[in-house]
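Written below as structure tokens is the structure these notes are about.
The values are calculated or read from the model by the stated rules, or taken from the named source; none is laboratory data. In this text the structure is predicted, and so the values were computed from the model without any measurement. No Cβ is skipped: glycine too gets one built from the backbone with ideal geometry, and neighbour counts run over all protein chains shown. Accessible surface areas use protein heavy atoms only, side chains included; no ligands, DNA or RNA. Shrake-Rupley method; radii C 1.70, N 1.55, O 1.52, S 1.80 Å.
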Amino acid sequence: MAESLPLIATRFHIPPQRDDLVIRPRLRELLERGARLPLTLVSAPPGFGKTMLAAEWAHTRPSGQVAWVSLSKEDNQPSIFWRYVLAALQHAQGGIGATALAMLAALTPPPIETILASAINDLDSLQASLWLVLDDYHLIQQPEIHAGLRFWLDNQPAHFHMVILTREDPPLGLARRRAHRQMVEIRAADLRFNLQETASFLRDAMELRLSPDQVAGLESRTEGWIVGLQMAALSLQGRDVGSFLQSFAGENRFIADYLIEEVLHAQPEAVRRFLLQTSILERMCAPLCAALVGDQQADFPAEGAVSLEYLDRANLFLVALDHQRNWYRYHHLFAELLRQKLSQYHSQAEIAGLHGRASAWFEANGEILAAIQHADLALDEARFLDLLTRYAGYFFTQGELPRLIELTQNLTTSQREQNPVLSMAVSWALLATGQSPEAWLQGIERRFGAEAEAAIKDPELPQEHRYDLLEVLVIRQQTPFDEYTLQTRPRLLAIQGELESAPKGQTCLFNKAASLQAVVAFDLGLDAELAGKADLAVQDFKKTIDLARKDQNHHLLLLAFGHLANMQIAQGRLHAARQTLEACLAEHVAGIKLPYHALAYAGLGALHYEWGDFSTADHYFDEGLPLARLWDTWEALVPLTLGNARLQRRMGDPEAAYHTLDGLNNPPRPELLLPVEVLKMLWQAQEGNLKAALSWLEQHAEVAAAQPTPLSERMLLDFARFLSACQRAGDAAALLQRILDSASAGGRWQIVIEGKIVLAKALVGEGQVEEARALLFEALELAAPEGYSMSFIEEGESIHNLLASVRDLAKPDPALSAYADRLLVGFVQGAAPVGFSPSRAPLPDLLSERELEVLNLVAEGLANAEIAERLYISVSTVKTHTGNIYNKLGVTNRTQALARANQLGLLPRRTAPPE
Amino acid sequence: MSRAHILHLDQPARYRFVLQGLIRADWSDWLSDITVNFLEEETAMTYITGTVRDQSALFGFLSQVRDLGAPLVSVENIAEGKK
């Protein structure tokens, strides 16, 4: 990411110092004063020497203390603007803004204020002062960029200073900053040359010998306008000073227009042509100039390098862009004046021809963006579209999607239809930036004369169109997940089937079939996850991880890791989840920690807490919380906060625990805080503050009647604990029963285990000790392989006693009884005994996930053919699975298999409802 | 209107702007000594009179008017001190 920025490095260079500068102590003093304040505004029309002044000052600073951005009109978009600013800061001070840059490049970037806050956070840690110079800020017109910069100015640390060079006053709350003396302004009246400076400029920089009267005449005619003076001086060289001054004084035309003609007139024909033709370039180097100007000049050195040196020596408004003096640009105003003259003297076709040559040169030298921009200006539509199509991948690898969208937004319908590959690239770019690609997709369908559906429905469709249209189907599938329906999975499988049958290396329209396979595998996983089918989702996400790794799709890889771990935790497979989360943490893009990692920290913290390894849990919460706050990732922030608070309370610091819960504020949606409130109220009730608890319960009575969903089960479990603590055992038991039904139907064993323990506790309270014993023993059997501990221990005395009373039931199984013994020790210690579980290898899985899935369907009474249909596999595959199941269980038929599976706790058992 | 005075890029100048619509905004970043009058007839108009400190401030003001989406009816340089 950061290292692959295609940003033009010359734009971060402080323009090199000229050695013929006029020394201007009064301005230097103003700048020094401003440099200690938050903002220095240098605001004046073009030609007053703003850039020169700031550059001269910047060179007096130690290297690395000034970050410089020369803005261009293409930067007038928040994501592009901030990338340049952040990259410039990084260029000056490595490490600053790295996370913010990663946030900008994220598929769904956090709000801009979050991104800027992250960079400002980095600035806080800097020891030395840092200045940021934004040159040509008047090119920035987007209100969102101004708003972002206002936010920045209001929050930047005291040792950071902004210097803005602009032709017009920006809307940055200047009146307020002026009134509070938080800025210094340097304006045209300060910048204009006074008589003394005019004299020294003409004498030293332009090497002219003029009388004091002549100097005064020039000063008054140009009003100290520096570019005007320079152009006048250039026109004077080799001419009679007196007659020039006379005609200049009497001239009524606009001064700049008059002077540019005089300057050009004073140059040899070849130089004149060179100036006009190269004025179309925003930056130039010798070979580029040579390509543009060609060999037309006989009386002028043919080599471009010599020409640029000549212009530089002749003071012809050349600004060096790097220290090697390879790249230059003209002074902006001079270039604008030259371009006006160019369009006066040359036809549109001639000018287009110049842009065409520039485009070819930039392409040959690997500068794709510039090549495309000049092709556009060359009005060469075919070449413009061809370049965009051939280099569309460049915009993706370089994170330049907004630019791709901007370049293509004005394409006509027929241009879209004629360029399906480009249309598909733009569609992905739109999708990635949260916009709808539908109009472009329909263009692709019209082009092929077929609906995308044909790719999976029409056997007659020509094969090459099939792959092209498949990509349209894949992208349409990336709709918001709440639009997933029952038809989603069969469709996804049909698409995946076609993609898998593609020849190796087959490209669809824009992406390779193999890349799309990874995307569809992930969609399948999401579909299964949303349907509550954890086992199926685990398979899909594992496949996604394989495919994404082969395809080097890091973001998809990280995303799949996170979802896989969630599913494994749901399944109660804690050790497998731990491995997945650790693999996720080991996966980095350019060393930047992303929101996925915050989720992984949350998961690992919770796992180690469950195992009673508090110091490791603490470490993970500590790592995860700042990261989640940085990215404003609420999916991670809530579980991290809950986990951390639980841990603090368990470690004997309830005050800190409440404080942690109270620290979670301003959620994007209020319901995100419900789990936090429930936990707080649970503790209140447990601590005997029943009045507060019951009054809160009255306001939230509807939660007790809620139908559990995979997403709400965990919160509802705490709510059931809360009901229990409020002595509403009956309500608690009913809610728990619903949770158990929903969780066991979806194979979410962690919830099942906890639910059984909590229900057992409630039943003890109701005096139904026998039922409670049975439930707790079931939980014990289910929990043993993965070493759950805190889920038991946290329920306290009554579960402790109950466990002691079922201890004997575990006797026939040595592993189970050893586990029960360790748990009993844990109750006494208030935590799991040291070395309890994480270091111990998990018990090997008896049945694979797929086999468990088949077994579940067998238990539902389905025939092999029905199972095949349900799982989208063949009947013979079902038979293979059942054969394996029988072998592993040591049985020979279905009935025996079910009985044995029940004995081993492999199947969700329906718990007897409380009387 | 008489052209009694000459304008300079770097000098303050007083202007009257007429914008279409009733626009209430904070103009103090660009103008000083401001008076704002509203005319609510068939077409509502906002009359703003104020002093820009130089031409850069003037163009900052005009950009702000553009960003607000207010159609600009007229810009007139007027003598110093006039309201």
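Here is how the numbers come out for the structure above:
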| item | result |
| --- | --- |
| The stretch A:876-890, subset open to solvent by 20 Å² or more (accessible area, probe 1.4 Å) and out of contact with any Asp or Glu (no Cβ under 9 Å at 6 or more places or on another chain), residue modelled with the lowest pLDDT | A:Gly890 |
| Helices (runs of 4 or more DSSP H) completely within the stretch A:42-146 that count 2 or more residues being out of contact with any Cys (no Cβ under 9 Å at 6 or more places or on another chain), under 24 Å from A:Asp169 (Cα atoms) and in contact (Cβ under 8 Å) with a residue 40 or more places away in the chain | A:50-58, A:78-92 |
| Counted residues, the stretch B:58-76 - those being more than 9 Å from every other protein chain (Cβ to nearest Cβ) and open to solvent by 20 Å² or more (accessible area, probe 1.4 Å) | 8 |
| Top-ranked residue of the stretch A:157-171 - restricted to ones that are part of a strand (DSSP E or B) and more than 21 Å from A:Leu139 (Cβ to Cβ), ranked as nearest to the other protein chains (Cβ to nearest Cβ) | A:His161 |
| Test: A:Leu174 is out of contact with any His (no Cβ under 9 Å at 6 or more places or on another chain), touching a residue at least 12 places away in the same chain (Cβ under 8 Å) and within 14 Å of chain B (Cβ to nearest Cβ) | yes |
| Residue count for the stretch A:668-680, restricted to those that are under 16 Å from A:Ser712 (Cβ atoms) and either open to solvent by less than 40 Å² (accessible area, probe 1.4 Å) or not charged (D, E, K, R) (or both) | 8 |
| Filtered residue count, the stretch A:498-532, keeping only those that are among the aliphatic types (A, V, I, L, M) and either without any contact (Cβ under 8 Å) to a residue 12 or more places away in the chain or not in a helix (DSSP H, G or I) (or both) | 3 |
| The stretch B:9-49: number of residues that are touching a residue at least 40 places away in the same chain (Cβ under 8 Å) and within 11 Å of another protein chain (Cβ to nearest Cβ) | 5 |
| A:Val752 surrounded by fewer than 19 Cβ atoms within 10 Å (Cβ to Cβ) and of a type in the set (Val, Ile, Thr) | no |
| Scan of the stretch A:617-633 for residues that are open to solvent by 40 Å² or more (accessible area, probe 1.4 Å) and over 20 Å from A:Glu113 (Cα atoms), ordered by number | A:Asp618, A:His619, A:Asp622, A:Glu623 |
| Index of the failed condition, A:Gly449 passing every other in (1) within 32 Å of the chain's Cα centre (by Cα); (2) on the phi > 0 side of the Ramachandran plot | (1) |
| Some residue of the stretch A:647-661 being open to solvent by less than 50 Å² (accessible area, probe 1.4 Å), of a type outside the set (Ser, Thr, Tyr), under 19 Å from A:Asp618 (Cα atoms) and assigned to a loop (DSSP other than H, G, I, E, B) | no |
| Condition check for B:Val52: within 14 Å of chain A (Cβ to nearest Cβ), β-branched (Val, Ile, Thr), in contact with a helix residue (DSSP H, G or I) (Cβ under 9 Å, 6 or more places away or on another chain) and open to solvent by less than 40 Å² (accessible area, probe 1.4 Å) | yes |
| Any hit, the stretch A:229-242, residues being touching a strand residue (DSSP E or B) at 6+ places or on another chain (Cβ under 7 Å), open to solvent by less than 50 Å² (accessible area, probe 1.4 Å), within 14 Å of chain B (Cβ to nearest Cβ) and more than 22 Å from A:Gln77 (Cβ to Cβ) | no |
| Which numbered condition A:Gly572 misses (of (1) of a type outside the set (Asp, Glu); (2) surrounded by fewer than 24 Cβ atoms within 10 Å (Cβ to Cβ); (3) at pLDDT below 90; (4) in a helix (DSSP H, G or I)) | (4) |
| Checking A:Glu500 against (1) modelled with pLDDT of 90 or more; (2) out of contact with any Gly (no Cβ under 6 Å at 6 or more places or on another chain); (3) within 21 Å of A:Gly393 (Cα to Cα), the condition it does not meet | (3) |
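For (1) in contact with a Pro (Cβ under 6 Å, 6 or more places away or on another chain); (2) over 25 Å from A:Arg646 (Cα atoms); (3) among the hydrophobic types (A, V, I, L, M, F, W, C), each residue gets a yes or a no:
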residue	(1), (2), (3)
A:Val703	no, no, yes
A:Thr709	no, no, no
A:Gly730	no, yes, no
A:Arg748	no, no, no
A:Leu780	no, no, yes
A:Gly787	no, no, no
A:Ile793	no, no, yes
